[in-house]
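Below is one structure, written out as structure tokens; comments come after it.
The values are calculated or read from the model by the stated rules, or taken from the named source; none is laboratory data. This structure is a prediction, so every number in the text was calculated from the model and none was measured. Reconstructed Cβ throughout: ideal geometry from the backbone, glycine too, with neighbour counts over all protein chains shown. Each accessible area value is taken on the protein alone, full model and side chains, heavy atoms only, with ligands, DNA and RNA left out. Shrake-Rupley method; radii C 1.70, N 1.55, O 1.52, S 1.80 Å.
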Amino acid sequence: MHDQQHKQGEQGQTEPERTEPETRPAVRPLDGFTVGVTAARRAEELGALLERRGAQVLHAPALRIVPLPDDTELLATTRDLIADAPDVVVATTAIGFRGWVEAAEGWGLGEALLHRLAGVELLARGPKVRGAIRAAGLTEKWSPASESMAEVLDRLLAEGVAGRRVAVQLHGEPLPGFVEALRAGGAEVVGVPVYRWMPPEDIGPVDRLLDAVVSGAVDAVTFTSAPAAASLLSRAAERGIQPEVLTALRQEVLPVCVGPVTALPLEAVDVATLQPERFRLGPLVQLLCRELPGRVRPLPVAGRRLEIRGQAAVVDGALRPVPPAGMALLRALARRPGWVVSRAELLRTLPGAGRDEHAVETAMARLRVALGAPKLIQTVVKRGYRLSLDPHADTDKYDGV
């Protein structure tokens, strides 16, 4: 009798009334998930897209961009191309092409650069670059429908590049095989460094992101440039935590890259990445909206439908933010749904809880309040706690949640 009273007292006497589905706000695709953003350029745009879909965003620019007017390397290259005209110029990004023209104008070389570009074969990688070229009063000779550098390369090689001077507007990322293939075909290749990547002035946000990756406090990390990916891995190596970071990126934390070039530094260390079909921010966010919720396996618990997301739970379609200690307990219970987990084992999952098992009872009480459905978690007297998995559920398919 005493045990039964103890059990009821810890679980609570009554369960709150269910909220009707039509009165609760809809759960957005990324509600409950935390996403790291390593971008320096367009970071605010990407962050806004993610937040609009419910994500908590952890901003950690892994690089900074040297302003174009201050870049002596670009100035020297611009003077060289004006003095010695290339046969072909390949423009790869709209922001880079505009920045190049604006920087040249600031140096008093704008008119000379535009005059030189008007007399060469000008290729645009895609429609945005084509728009930037025309806004400058120029006309491109050709642009691939695929927006692919591979198609640009195929065209150049088909035309023949032996003895030709080809200027390629770089955009902060390596162009694997592109420059090498042109040189192998006999071309003289001039790289136009429209902006250069440098380490961030404040390394603190990068370190916080790395700590979040290792601790599992972030669900995904986005990469929009290869140098940013390389910089993050380099910083992890400097801190002596690269093995832990790589393990997390291979298992629990989802690495998402805007395209295959961006993914190269990660794939070089055996980290598999996801990439959208179109190499743009919008499709990248759409990919996250599919993949992160898709990794969650709903649990039928106490007549309810429970989803465990990054830092929240969804109970019958209602989002329930859960404190970190509560999430640690909930994940430990969900790894073996329906099975009893001892207080001692649960205590080990609580960050900084020490040896007092009372900390488990306190965190469990707060978890039940956060979930708004105390009967989801059952107290098993003198043994521990269990998720009240519905009797006919197939427990095997939930193993390792």
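At a Förster radius of 45 Å, what calculated FRET efficiency corresponds to the Cβ-Cβ distance of Ala135 and Ala26, to the nearest 0.05? Intermediate values should be presented prior to the final figure.
On the way: r = 41 Å, r/R0 = 0.90.
With a Förster radius of 45 Å, E is 0.65.
Which value, in Å² rounded to 10, gives the accessible area of Trp107 with a 1.4 Å probe and all protein chains present?
That residue has around 60 Å² of solvent-accessible surface.
Whole Å is fine, so just give me how far the alpha carbon centre of region 269-302 lies from that of region 77-118.
Here the two parts' Cα centres lie 40 Å apart.
Report the local net charge at Val271: Lys and Arg +1, Asp and Glu -1, summed over other residues whose C-beta lies under 14 Å from its C-beta. Intermediate values should be presented prior to the final figure.
Values: positive: Arg250; negative: Glu244, Glu252, Glu267, Asp270.
Once all neighbours under 14 Å are counted, the net charge is -3.
Can you compute the helix-only [θ] at 222 nm over the chain? Use -39500 (n - 2.57) per DSSP H run of at least 4 residues, normalise by all residues, nearest 500 deg cm²/dmol.
Values: 16 runs with 170 residues, N = 401.
For the chain, the value works out to -12500 deg cm²/dmol.
Would you mind working out the accessible area per residue for region 232-380, using a 1.4 Å probe, and quoting it in Å²? Each step should come with its number before you reach the end.
On the way: 6730 Å² over 149 residues.
Value for region 232-380: 45 Å² per residue.
Which of Gly204, Trp100, Gly216 sits farthest toward the positive end of the charge dipole of the chain, with +1 on the Cβ of Lys and Arg and -1 on the Cβ of Asp and Glu?
Gly216
What size of dipole, in debye to the nearest 20, comes out for the chain about its Cα centre when the only charges are +1 on Lys and Arg C-beta atoms and -1 on Asp and Glu C-beta atoms? Let's see the in-between values first.
Numbers: 48 positive and 50 negative charges, 248 e Å.
Using Cβ point charges on Lys, Arg, Asp and Glu, the chain gives about 1200 debye.
Within region 298-341, whose backbone N sits under 15 Å from a point 7 Å along Cα→Cβ of Ser215?
311, 323-329
Once the whole set of protein chains is in place, how much accessible area is left on Lys375, using a 1.4 Å probe, in Å² to the nearest 10?
It works out to around 110 Å².
For Asp219, Asp71, Asp356, Asp316, give the ranking by accessible area with the largest first, probe 1.4 Å.
On the way: Asp219 20, Asp71 0, Asp356 90, Asp316 45 Å².
These residues rank, largest area first, as Asp356, Asp316, Asp219, Asp71.
For region 135-240, what percent of Cα pairs sit more than 21 Å apart? Write down the numbers at each step before the final one.
Values: 2985 of 5565 pairs.
Here the long-distance tail beyond 21 Å is 54 percent of all Cα pairs in region 135-240.
What part of the accessible area of the chain, given as a whole %, is carbon or sulfur when the probe is 1.4 angstrom? Each step should come with its number before you reach the end.
On the way: 9670 of 19160 Å².
For the chain, the apolar C and S fraction of the accessible surface comes to 50 percent.
Assuming R0 = 22 Å, can you tell me the calculated FRET efficiency for the pair Arg335 and Val269, based on Cβ-Cβ distance, to the nearest 0.05?
Details: r = 28 Å, r/R0 = 1.27.
According to the calculation, E is roughly 0.20.
Using the alpha-carbon centroid of each, what span in Å lies between region 190-229 and region 328-391?
For region 190-229 versus region 328-391, the Cα centre distance is 36 Å.
Using the Cβ atoms and a cut-off under 12 Å, what net charge is assigned to the surroundings of Glu45, where Lys and Arg are +1 and Asp and Glu are -1? Please list the in-between numbers first.
Numbers: positive: Arg41, Arg42, Arg52, Arg280; negative: Glu44, Glu51.
Every neighbour counted, the sum reads +2.
Counting only the heavy atoms of the protein chains, how much of His358 is accessible to a 1.4 Å probe, in Å² to the nearest 10?
Counting only protein heavy atoms, the figure is 100 Å².
How large is ³J(HN,Hα), in whole Hz, for each residue of region 41-56 in order, when computed from phi with the Karplus curve 6.51 cos²θ - 1.76 cosθ + 1.60 and θ = phi - 60°, using x for Gly and Pro?
Going residue by residue, I get 8, 6, 5, 5, 5, 5, x, 5, 4, 5, 5, 4, 9, x, 6, 8 Hz, with x marking Gly and Pro.
Would you mind telling me which residue in Ala332, Ala184, Ala370 has the biggest mean-square fluctuation in a Gaussian network model of the chain, where springs connect alpha carbons within a distance under 10 angstrom?
In this elastic network of the chain, the residue with the biggest mean-square fluctuation among Ala332, Ala184, Ala370 is Ala184.
Consider the candidate values (1) 0.94; (2) 1.12; (3) 0.92; state which one is Rg/Rh (Cα atoms, Kirkwood Rh) computed from the structure displayed.
Looking at Rg/Rh (Cα atoms, Kirkwood Rh) for this model, the match is (2).
Using a 1.4 angstrom probe on the protein heavy atoms only, line up Cys289, Cys257 by accessible area, largest first. Provide the component values of the computation, followed by the final result.
Details: Cys289 25, Cys257 0 Å².
Putting Cys289, Cys257 in descending order of accessible area: Cys289, Cys257.
Sort Asp202, Asp390 by heavy-atom solvent-accessible area, probe 1.4 angstrom, most to least.
Details: Asp202 100, Asp390 45 Å².
My answer, sorted largest first, is Asp202, Asp390.
Each residue of region 339-344 in turn: what ³J(HN,Hα) in whole Hz from Karplus with 6.51, -1.76, 1.60 and θ = phi - 60°, glycine and Pro shown as x?
9, 6, 10, 5, 4, 5
Once the piece of chain linking Ala85 and Arg355 is laid out straight, how much longer is it, given 0.36 nm per residue of separation minus the C-alpha distance between them? It would help to have the intermediate numbers written out before the result.
On the way: separation 270, 0.36 × 270 = 97.20 nm, distance 7.41 nm.
Roughly 89.8 nm would be gained on extension.
Considering amide H positions built from the backbone, and no H for Pro or chain starts, which residues 5 or more places from Ala313, or on another chain, come under 5 Å of its amide H?
HN-HN under 5 Å from Ala313: Arg320, Val322.
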